[in-house]
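Here you go, one structure.
Every number in this text was worked out from the coordinates using simple rules, so none of it is lab data. Since the structure is predicted, the reported quantities are computational estimates derived from the model, not experimental observations. In this analysis, Cβ positions are derived from the backbone assuming ideal geometry, glycine residues included, and neighbour counts consider all displayed protein chains.
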Amino acid sequence: MSRSAFAGRFKELVGETPLEYLTRWRMQRAVGLLESDDVPLKEIVASSGYTSEAAFRTVFKKWVGESPGSYRARARAT
């Protein structure tokens, strides 16, 4: 199966592209770690599949609407 055929079939079945699905999964995992653990951000970045902290922060802020540090602080306050 070609890449484009896979992507089309995946979107048809799941409702989002493979990259959108992967990004959502990674961000949901990161949110969970930021809410529940005192895991250092570097470890969250790595366990979420990112090699660059800057890239992770950019995607996280776009997906969640605030930086990982701000999100963690707000989650701990509630």
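Aspartates and glutamates near Lys42 by alpha-carbon distance under 14 Å, same-chain residues fewer than 8 away left out - which ones?
Within reach: Glu53.
For Ser67, list long-range residues whose amide hydrogen, built 1.01 Å from N in the peptide plane, is under 5 Å from its own amide hydrogen.
Placed amide hydrogens put nothing under 5 Å from Ser67.
Also, quick follow-up: So what is Rg over Rh here for the chain, counting just Cα atoms and using Kirkwood for Rh?
Numbers: Rg = 14.5 Å, Rh = 13.5 Å.
That ratio is 1.07, to two decimals.
Distance in nm between label sites at Val39 and Thr78, each 7 Å beyond Cα in the beta-carbon direction?
Here the modelled spin labels are 2.0 nm apart.
Which value in deg cm²/dmol, rounded to the nearest 500, describes the helix-derived mean residue ellipticity at 222 nm for the chain, given -39,500 (n - 2.57) per DSSP H run of n ≥ 4 and division by the residue count? Don't skip to the answer; put the middle values down first.
Working: 5 runs with 60 residues, N = 78.
It comes out at -24000 deg cm²/dmol, rounded to the nearest 500.
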